[in-house]
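Undergrad: Quick one: structure below, then a few questions.
The values are calculated or read from the model by the stated rules, or taken from the named source; none is laboratory data. Just so we're clear, the structure is a prediction, and the values are computed from it rather than from any experiment. Backbone-built Cβ (ideal geometry, glycine too); neighbour counts: all protein chains shown.
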Ligand SMILES: NC(=O)c1ccc[n+]([C@@H]2O[C@H](COP(=O)([O-])OP(=O)(O)OC[C@H]3O[C@@H](n4cnc5c(N)ncnc54)[C@H](O)[C@@H]3O)[C@@H](O)[C@H]2O)c1
């Protein structure tokens, strides 16, 4: 496992408006409902401890359940080496939380006066270098920071449900917010796998909720006037624009809709309809009859499936979509790719530091766990997953030796030429495993590795793999000499892992 390596924050002079914000090891949560639970799951998964505060003691059980529910989807999101999970504790005393936290995220109900009162109280207990962020869906940070001690560290950090899978977090500063607080928050959120989007200035509803509300207002009108049911309106998104929106927003998509001249042509063609306009700006009255239509419509769409069942389905496709987008390095997939890159690099750096002083023997570079979906009909890890695990161990070794994205982008790579696997014992679902690796041979163009896969609980040997790699020029696809410095590092590893 990678050791903890929480992000460094800050910049500027201490004690002023640009005070250095502290390193985040412990996240304090204020309010542990749907959004607080999502923050807890995400932070714990990426190795941050969480101290959660809620006025209702019964929320502890709810919170632990929410974290457990999120685990399956989070575990499938990336196989990159993660730091050890964070630890979760719960309190009903806001002051206890505020004194322990390095960063506080507020997630209490959307009422301005309540938030103002509680944020002011928390700010009296939390040291001035602790950033305090609010999950508010639409309130203005200038209003939220009004009664706070050290209001310069307050900002809005608006996430999206489920917080543990959606990377977007909108960052909004108020009149008194220090730029250093926003920069520190952005670094922390990136560290836990998110995409911080910093707003140029505060506006009610931030960016996304204004867009979502415009759509929702129109839905309410159309349902109210029996133009369409909730299901038909959802179909009008799901089968069309929704698929585009996962990777390209409305503006870029409309640019494509304008043909060769792009947005200019699009505006000429469709601009006049904006004046009609097609849509209504004011929300309809929420009458009992409209509420009934919305509720019966969505119940029909749920077709007897519980909220939990639908959440699982939603989580599964959110994981799958992000993995596909990662291949295209676009949108949320680009965020996932950047996160994985950092995790692999931290893991290689931690291994170098650990092994640097440890002397010889095989390198233990990969820790993993048998995922439930790796299991065959006998309840054992299936054949193809052995290749995956050994492939990951090879990647870890090459990264350790300095083969990184820069090396690959220079048109050089190591391709697999031969793999021989032997099986010795079984690994079952959820079994913790580790791989040790030796370099058997390095020459001008070839590297031969030997991996041993072990069960963590008793160190039993589960399987071995001997693999031959050929160094190639990726432009010609032909074997080419290894980079001299890389060859030297691999020879050093060979000598040390004999
Ligand atoms: N639900 C969403 O989809 C969503 C998305 C993004 C942002 N938000 C925002 O996140 C915030 C929380 O929303 P939610 O949906 O999680 O609400 P929720 O009702 O599920 O949870 C609120 C929690 O706050 C606790 N609480 C109330 N007063 C408290 C106090 N004084 N101290 C500590 N805890 C207190 C409640 O007991 C409850 O557990 C709101 O500002 C909301 O606008 C919600």
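Conditions (1) crowded, with 17+ Cβ neighbours inside 10 Å; (2) touching a residue at least 60 places away in the same chain (Cβ under 8 Å), marked per residue:
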site: 344; (1), (2): yes, yes
site: 350; (1), (2): yes, yes
site: 364; (1), (2): yes, yes
site: 411; (1), (2): no, yes
site: 416; (1), (2): no, no
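Undergrad: Let me ask something else. Could you tell me whether the stretch 289-311 includes any residue that is assigned to a loop (DSSP other than H, G, I, E, B), free of Cβ contacts under 8 Å to residues at least 12 places away in the same chain, out of contact with any helix residue (DSSP H, G or I) (no Cβ under 7 Å at 6 or more places or on another chain) and surrounded by 11 or more Cβ atoms within 10 Å (Cβ to Cβ)? Talk me through it step by step, then tell me what you get.
TA: Residues of the stretch 289-311 assigned to a loop (DSSP other than H, G, I, E, B): 303-306.
Next, only the ones that are free of Cβ contacts under 8 Å to residues at least 12 places away in the same chain stay: 303-306.
Subsequent filtering for residues that are out of contact with any helix residue (DSSP H, G or I) (no Cβ under 7 Å at 6 or more places or on another chain) retains 303-306.
After this cut, where a residue has to be surrounded by 11 or more Cβ atoms within 10 Å (Cβ to Cβ) as well, the list is 305.
Checked against the condition, which is being assigned to a loop (DSSP other than H, G, I, E, B), free of Cβ contacts under 8 Å to residues at least 12 places away in the same chain, out of contact with any helix residue (DSSP H, G or I) (no Cβ under 7 Å at 6 or more places or on another chain) and surrounded by 11 or more Cβ atoms within 10 Å (Cβ to Cβ), the stretch 289-311 yields at least one hit.
Undergrad: Please go through the stretch 225-247 and give me each residue that is assigned to a helix (DSSP H, G or I) and touching a residue at least 24 places away in the same chain (Cβ under 8 Å), ordered by number.
TA: Taking the stretch 225-247 as the starting set, the residues that turn out to be assigned to a helix (DSSP H, G or I) are 230-238, 241-245.
Selection gives 230, 231, 234.
Undergrad: May I ask you to say which residue of 106, 113 is in contact with a strand residue (DSSP E or B) (Cβ under 9 Å, 6 or more places away or on another chain) and closer than 21 Å to residue 56 by Cβ? Show your work before the answer.
TA: Numbers: 113 fails: in contact with a strand residue (DSSP E or B) (Cβ under 9 Å, 6 or more places away or on another chain).
After applying the criteria, what remains is 106.
Undergrad: Counting residues that are under 30 Å from residue 322 (Cα atoms), which helices (runs of 4 or more DSSP H) fully inside the stretch 125-224 reach at least 3?
TA: Details: elements: 141-144, 179-191, 208-224.
Per the criteria, 179-191, 208-224.
Undergrad: Could you tell me whether the stretch 133-142 includes any residue that is under 23 Å from residue 97 (Cβ atoms), away from the ligand (no atom under 13 Å from the Cβ) and touching a strand residue (DSSP E or B) at 6+ places or on another chain (Cβ under 7 Å)?
TA: Restricting attention to the stretch 133-142, the residues satisfying the condition of being under 23 Å from residue 97 (Cβ atoms) are 133-137, 139, 141.
Next cut, away from the ligand (no atom under 13 Å from the Cβ) only: none.
No, because not a single residue in the stretch 133-142 is under 23 Å from residue 97 (Cβ atoms), away from the ligand (no atom under 13 Å from the Cβ) and touching a strand residue (DSSP E or B) at 6+ places or on another chain (Cβ under 7 Å).
Undergrad: While we're here: Scan (1) surrounded by 14 or more Cβ atoms within 10 Å (Cβ to Cβ); (2) in contact with a strand residue (DSSP E or B) (Cβ under 8 Å, 6 or more places away or on another chain) for the single condition residue 385 breaks and write down its number.
TA: Looking at each condition in turn, residue 385 falls short on (2).
Undergrad: Please indicate, with yes or no, whether at least one residue in the stretch 126-149 is within 28 Å of residue 337 (Cα to Cα) and modelled with pLDDT under 95.
TA: So far as the stretch 126-149 goes, no, none of its residues is within 28 Å of residue 337 (Cα to Cα) and modelled with pLDDT under 95.
Undergrad: Sticking with this structure for a sec: Could you tell me whether any residue of the stretch 78-96 is surrounded by 15 or more Cβ atoms within 10 Å (Cβ to Cβ), free of Cβ contacts under 8 Å to residues at least 40 places away in the same chain, touching a helix residue (DSSP H, G or I) at 6+ places or on another chain (Cβ under 8 Å) and under 28 Å from residue 205 (Cα atoms)?
TA: No, the stretch 78-96 contains no residue that is surrounded by 15 or more Cβ atoms within 10 Å (Cβ to Cβ), free of Cβ contacts under 8 Å to residues at least 40 places away in the same chain, touching a helix residue (DSSP H, G or I) at 6+ places or on another chain (Cβ under 8 Å) and under 28 Å from residue 205 (Cα atoms).
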